[in-house]
1. Of the residues that sit in the stretch 77-108 and are among the small types (Gly, Ala, Ser) and in a helix (DSSP H, G or I), which one is farthest from Asp129 (Cα to Cα)?
2. Which one of the conditions (1) outside the structural domain of Trp145 (by TED's automatic domain parsing); (2) surrounded by 14 or more Cβ atoms within 10 Å (Cβ to Cβ); (3) within 21 Å of the chain's Cα centre (by Cα) does Ala34 fail to meet, given that it meets all the rest?
3. Could you please give the count of residues in the stretch 117-162 that are under 20 Å from Asn75 (Cα atoms) and either loosely packed, with under 13 Cβ neighbours inside 10 Å or without any contact (Cβ under 8 Å) to a residue 24 or more places away in the chain (or both)?
4. Any residue at all in the stretch 19-28 that's among the hydrophobic types (A, V, I, L, M, F, W, C), in contact (Cβ under 8 Å) with a residue 24 or more places away in the chain and closer than 30 Å to Tyr153 by Cβ?
5. Keeping to the stretch 44-76, report how many residues are surrounded by 13 or more Cβ atoms within 10 Å (Cβ to Cβ), assigned to a helix (DSSP H, G or I) and at pLDDT 85 or above.
6. Only one of these is touching a Leu at 6+ places or on another chain (Cβ under 8 Å) and over 25 Å from Tyr125 (Cβ atoms): Arg90, Arg96. Name it.
7. Give the residues of the stretch 102-155 that are of a type in the set (Phe, Trp, Tyr), farther than 18 Å from Arg90 by Cα and out of contact with any Pro (no Cβ under 9 Å at 6 or more places or on another chain), sorted by residue number.
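The values are calculated or read from the model by the stated rules, or taken from the named source; none is laboratory data. Nothing here was measured: the structure is a model prediction, and the numbers come from that model. Here Cβ is always computed from backbone atoms with ideal geometry, including for glycine, and neighbour counts include all displayed protein chains.
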Amino acid sequence: MTRWFAFPLLTAAFFLAWLLANESVTPGTILLGAALAIGIAPVLTTLNVPKTVFRRPLAALKLSLVVLVEIVRSNNAVARIILSSDKRPRRSGFVRIPLSTRNPYSLTALACIITATPGTLWVEYDSADNTMLLHVLDLIDEEEWVRIIKERYESRLMEIFT
C-alpha cells in the first residue's frame, strides 16, 4: 500500500493539476485523473531519487523574493532592448561558470531560476569539471555574470540544500 501512495502530496497535486488542465470535473475526468495520479506513484518510486535535507525555509523564501525581483527587472531590461530605438550593437554570448555545488536539487533549482529569468538561458552542464554554460542576451562583463550566479543564486541554494 505504501508503494502506491509513496508520494501522497505529489499524487494529490498531480490530480488537481489534471483537473485544472482539463477545466472539467465530470466523472470521466475525475476517474481518469485519479487513475493517472495513483499510477504515477509506482513510476516515481523506480526513479531512486537521491535523499537530501531541505534546510532553512526562510532562506528559501528570501531566494524566492530575490528571483521574483530579478525576473521583473530582467523583463524590463529585455523589453527595453527589444522596444528601444537605440541602435547600439548588442553582444549576446556564452559564459562558462564554475559551480561549487553538485547537489542535484541545487542544480535543478539553479537551472529553473536561470531559464525563468528573461535574457538568460542554461545551455549545458558539464559534470566532469562541474561547470555550466550560460547564454546571455546582452553580455557586457563575463566576470559579473559569474559573480551574480555564484553569489546571488548558488550560495543561497547551497545554504538551502545541504
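1. Ala79
2. Only one criterion is unmet by Ala34, namely (3).
3. So the count comes out to 6.
4. Step one: filter the stretch 19-28 for residues among the hydrophobic types (A, V, I, L, M, F, W, C), giving 19-21, 25.
Checking the rest, the ones that are also in contact (Cβ under 8 Å) with a residue 24 or more places away in the chain come to none.
Looking through the stretch 19-28, none of the residues is among the hydrophobic types (A, V, I, L, M, F, W, C), in contact (Cβ under 8 Å) with a residue 24 or more places away in the chain and closer than 30 Å to Tyr153 by Cβ.
5. Within the stretch 44-76, the first condition is being surrounded by 13 or more Cβ atoms within 10 Å (Cβ to Cβ), and the residues that meet it are 44-45, 52, 56, 59-60, 62-63, 66-67, 70-71, 73-75.
Next, from what is left, pick out any that are assigned to a helix (DSSP H, G or I): 44-45, 59-60, 62-63, 66-67, 70-71, 73-75.
Add one more test, that the residue is at pLDDT 85 or above, and what stays is 59-60, 62-63, 66-67, 70-71, 73-75.
Of the residues in the stretch 44-76, 11 are surrounded by 13 or more Cβ atoms within 10 Å (Cβ to Cβ), assigned to a helix (DSSP H, G or I) and at pLDDT 85 or above.
6. On the way: Arg96 fails: over 25 Å from Tyr125 (Cβ atoms).
Answer to the check: Arg90.
7. Restricting attention to the stretch 102-155, the residues satisfying the condition of being of a type in the set (Phe, Trp, Tyr) are 105, 122, 125, 145, 153.
With the extra rule that they be farther than 18 Å from Arg90 by Cα, the set shrinks to 105, 122, 125, 153.
Answer for the stretch 102-155, where residues must be of a type in the set (Phe, Trp, Tyr), farther than 18 Å from Arg90 by Cα and out of contact with any Pro (no Cβ under 9 Å at 6 or more places or on another chain): Trp122, Tyr125, Tyr153.
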